[in-house]
Amino acid sequence: MYTREIMVDLALKMLGTPYVWGGNDPDDDGGVDCSGFALYLLHRVGLVKWGEDMTAHDLYKSMPMPEGNIHPDYVDAGDFVFYGTKEKITHVMMALGPGVVIGSIGKEGAVDIRPMNYRPDIVAVRWFE
């Protein structure tokens, strides 16, 4: 199984996991926030060391920027979608495929699936290498 497929499988198993501000591990913290959700997946596949703590903005800065703009139809499962502004990323989700994302959503209180454009402030789509 490829890294992206493993992350998608793990993400889908986390559906309904409670939103916990600052949470990085659904078992130890009782839930995850948006960056904790992304970090948990990256930790589980060995792309980030366990125990690293990053905000959505830190994750955005740590991932290479693809050349040109990415059209939502060309987003691959496992890509990370960042929301906010280039100066201040405020949210991150993971793509399940073109136009669909999964992640921890604070107001709704749990990991959920949404259309990629459920927020109009998409800044970038990146893959962690």
Point to revise | Positions within the stretch 116-129 being part of a loop (DSSP other than H, G, I, E, B), over 11 Å from the mean Cα position of the chain (by Cα) and touching a residue at least 24 places away in the same chain (Cβ under 8 Å), in sequence order | key: R119, D121, E129
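Restricting attention to the stretch 114-129, and to residues there that are surrounded by 15 or more Cβ atoms within 10 Å (Cβ to Cβ) and modelled with pLDDT of 90 or more, which single residue is farthest from R4 (Cα to Cα)?
Here is the first cut: in the stretch 114-129, the ones surrounded by 15 or more Cβ atoms within 10 Å (Cβ to Cβ) are 114, 116, 119, 122-128.
If we keep only those that are modelled with pLDDT of 90 or more too, we end up with 114, 116, 119.
Details: R114: 19, M116: 18, R119: 23 Å.
Looking at the filtered set, the residue picked out is R119.
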**Study point:** Within the stretch 1-14, considering residues that are touching a strand residue (DSSP E or B) at 6+ places or on another chain (Cβ under 9 Å) and more than 16 Å from D33 (Cβ to Cβ), the one modelled with the highest pLDDT
**Key:** L12
**Study point:** Pick from the stretch 54-80, criterion of a type in the set (S, T, N, Q) and at pLDDT below 85, ranking: surrounded by the most Cβ atoms within 10 Å (Cβ to Cβ)
**Key:** S62
Check your understanding: Looking only at residues in the stretch 77-115 that are within 12 Å of the chain's Cα centre (by Cα) and not in a strand (DSSP E or B), which one is farthest from Y60 (Cα to Cα)?
Key -> A77
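Yes or no, residue by residue, for (1) under 19 Å from D33 (Cβ atoms); (2) of a type in the set (A, V, I, L, M):
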position: G99; (1), (2): no, no
position: V111; (1), (2): yes, yes
position: N117; (1), (2): no, no
position: V125; (1), (2): no, yes
**Study point:** Residue in the stretch 30-47 that is modelled with pLDDT under 90, touching a Pro at 6+ places or on another chain (Cβ under 8 Å) and over 15 Å from M7 (Cα atoms) present
**Key:** yes
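Restrict the check to the stretch 15-25 and report whether at least one residue is modelled with pLDDT of 90 or more, outside any helix (DSSP H, G or I) and under 17 Å from A95 (Cβ atoms).
Step one: list which residues in the stretch 15-25 are modelled with pLDDT of 90 or more, which gives 15-21.
Still in the list and also outside any helix (DSSP H, G or I): 15-21.
From the residues that got through so far, the ones that are under 17 Å from A95 (Cβ atoms) too are 15.
Yes, the stretch 15-25 has at least one match.
The values are calculated or read from the model by the stated rules, or taken from the named source; none is laboratory data. In this text, all values refer to a predicted model and were calculated from it rather than measured experimentally. Methodologically, a virtual Cβ is constructed for each residue, glycine included, from the backbone with ideal geometry; neighbour enumeration extends over all protein chains shown.
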